[in-house]
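The values are calculated or read from the model by the stated rules, or taken from the named source; none is laboratory data. Being a predicted model, the structure only gives us computed values, none of them experimental. Because the Cβ atoms are built from the backbone with ideal geometry, glycine has one as well, and the counts that use them run over all protein chains shown.
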């Protein structure tokens, strides 16, 4: 592992103009690092800024402010000689397998295009086809010859998404942004797709940013990695997955975990149900002052929460939380343990 993180966001903000004179911050002052070979899941409800964050990392959107670094170099200032390394090194798997593939090209043609364009094989068509064959086998589309000459409309949703994964792997990336990569496939094959991604991560040493609104999926996929929780454009908690699930700190994380359905009826009955102060989710156009979660928060601490935006406080155990009461409680707990 290198001394520098593979990817680092420093105080990244991305604003969009929705009408004259009105801007919303889809991503607001987000900072996070991702190391080589690491899995990080970004979790939150629709509209919280997860996908925008992923697109900024992949270079598809520019931040309004802040820095994005690849191997310690800001991507806007990477020397021309290293631009290729970044462009090929960071790839994105999009949410919709029905829209991300070209309907007029066969699977082989879609895999061959980046292989030939970036000279990952020689010009011989037989070698290109052999490499496409290998990529399909790598993502468990077997026998590969049955899929190479098919068009996207001849494939199921899960098969299309596997082709999308294979296409991302054509340029041997070091980092994959998987944006809701299993949300549009049947529930029965989601785990199979996640297992494929995990196997590829181990085999190829990939780092993965997995974006999802489903905390149960994040628990499964990032059990050996970290989970980051976003709310209304801000990163409110980051922690190792096992630690976050066992001892969540931010009240929003606690609400998300309490909402996960359990298969065991006894577990469901014993589960703590958190009563929110309000059921009205704030508008991105008119965000509350101070902590944006305070109108709903069951840990509401009065004027401090209403007026002061909480910074992401980092702790020695590898966790970080942006919540005044939670940060104080964590610090007090560590002091009591002598940490």
Q.
Any residue at all in region 233-247 that's part of a helix (DSSP H, G or I) and more than 13 Å from residue 219 (Cα to Cα)?
A. no
Q: From 302, 233, 338, 290, grab the single residue that is at pLDDT below 95 and in the same structural domain as residue 197 (by TED's automatic domain parsing).
A: 233
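To keep it simple, each residue is scored yes or no on (1) over 20 Å from the mean Cα position of the chain (by Cα); (2) at negative phi.
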{"site": "47", "(1), (2)": "no, no"}
{"site": "51", "(1), (2)": "no, yes"}
{"site": "54", "(1), (2)": "no, yes"}
{"site": "57", "(1), (2)": "no, yes"}
{"site": "60", "(1), (2)": "no, yes"}
{"site": "67", "(1), (2)": "no, yes"}
{"site": "71", "(1), (2)": "no, no"}
{"site": "81", "(1), (2)": "yes, yes"}
{"site": "87", "(1), (2)": "no, yes"}
**Q.** Residues satisfying the stated conditions in region 184-209, i.e. closer than 22 Å to residue 32 by Cβ, outside any helix (DSSP H, G or I) and free of Cβ contacts under 8 Å to residues at least 40 places away in the same chain
**A.** none
Q: Evaluate region 173-182: report whether one residue or more is outside any strand (DSSP E or B), under 17 Å from residue 43 (Cβ atoms) and without any contact (Cβ under 8 Å) to a residue 24 or more places away in the chain.
A: no
Q: State whether the residues of region 65-72 include one that is under 19 Å from residue 212 (Cβ atoms) and buried (at least 22 other Cβ atoms within 10 Å of the Cβ).
A: no
Q. When only residues in region 104-138 that are assigned to a loop (DSSP other than H, G, I, E, B) and exposed (fewer than 14 other Cβ atoms within 10 Å of the Cβ) count, which is modelled with the highest pLDDT?
A. 104
Q: Could you tell me which residue of region 209-225 is surrounded by the fewest Cβ atoms within 10 Å (Cβ to Cβ), considering only residues that are over 15 Å from residue 198 (Cβ atoms) and touching a helix residue (DSSP H, G or I) at 6+ places or on another chain (Cβ under 7 Å)?
A: 215
